[in-house]
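Have a look at the structure below before the remarks.
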Amino acid sequence: MFRHTPRVFAASLAVAALTLGACAETTTETPAGGGSPSAATFPVTVGELTLEQRPEKIVSLSPTGTEMLFAIGAGSQVTAVDDQSNHPVDAPKTDLSGYQPNAEAVAAKNPDLVVLANDTNKIVEQLTALKIPVYQAPAAQTLDDSYRQLTELGTLTGNTDAAADVVQRMKDDITKIAAEVPQRAEAPTYFHELGPELYTATSKTFIGSIYSLAGLENIADAADADGKNGGYPQLSQEVIIDADPDFIFLGDVRQAGQTADKVKARSGWASLSAVQNDQVVELDDDIASRWGPRVVDLLRAIVDATAKASE
């Protein structure tokens, strides 16, 4: 997530933050078993992209793409990742930029497949002209989008079975965690903070759908009922204070240095139910903004935080 000024944030949110955009569960991070890359049959085709051979020099310009590749067992095939890809820790991080990609810099890595999120600077056209295969995986809008991208990457990298295992495990884990949500007479309300400028996400967004699985009601939905903000409205302090959410989830801890104590110190916020009941939850910025295998961890963190309040 990128949270510097409201204008920069608003401009980058749809095209970068949610693509590039604690509680980690190793079951969603380690490669699934059962994959047999050496036995994979090529050529393979996904959409308009056909690979004649199994790629062995993959460059990822998307942190979400990087996490997906390693999760499906293709980590050994990844030779370079962008400067924001920090998970897993052994990913071959470089100074390549996913925000302002440079075709020449990418080509210098001699990739046989480039994975990216956005076609910034017409990077897809430039790489295609250089005869470099490109797989574009934009920010997922639904869980099914995440599952599809994992499956397609499995096909393209020769890790079909492992990718299928990851997808099934995600589905099983999400079903299990959602089943743990306590039955309540009334859904608790929440505010998810993308940045201290008070940008947030409605229930119509990917992350909003995860909160819905946790049985929570979003105070921001009315602010973008017409969809003019694309699901990411900026709320005023007055609106938040008037709504008095039961929970506040901070998705801007690392990038913007926000904490529960800082929230409490904001003018008028000390009276909020979330603050008084110690229900301001500090999320891991990366897990809260990347729609790959660690979505399971995000749902777990949300459900665990709300479950404690129900005890």
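Taken together, the values in this text are just the output of simple stated rules run on the coordinates, not laboratory data. Model, not experiment: these values are computed from the prediction. So basically every Cβ, Gly included, is an ideal-geometry build from the backbone, and we count neighbours across all protein chains shown.
Working from the Cα coordinates of segment 85-214, the gyration tensor eigenvalues give, after taking √(5λ), semi-axes of 34, 20, 13 Å in decreasing order. Taking 4 °C and 1.567 mPa s as the conditions, I'd like the Stokes-Einstein D for segment 160-235 in µm²/s, using the Kirkwood hydrodynamic radius from alpha carbon pairs. Approximately 92 µm²/s, per Stokes-Einstein. Site pair E238 and Q100 shows an inter-label distance of 3.9 nm when each label is modelled 7 Å from Cα along Cα→Cβ. Counting lysine pairs in segment 95-250 whose alpha carbons fall under 19 angstrom apart, excluding pairs fewer than 8 residues apart on the same chain, gives 4.
Computing Rg and the Kirkwood Rh from the Cα coordinates of the chain gives a ratio, Rg/Rh, of 0.99.
Alpha-carbon geometry of segment 230-290: the Rg and the Dmax are 11.8, 32 Å, given in that order. With the simple model of a label 7 Å out from the Cα in the direction of the Cβ, N86 to N277 spans 3.2 nm. Cα centroid separation, segment 122-186 to segment 50-73: 12 Å. Placing +1 on the Cβ of every Lys and Arg and -1 on the Cβ of every Asp and Glu, with nothing else charged, gives the chain a dipole about its Cα centre of roughly 460 debye.
With r as the distance between the Cβ atoms of Q141 and N121 and R0 = 22 Å, compute the FRET efficiency 1/(1 + (r/R0)^6) and round to 0.05. It comes out at approximately 0.40.
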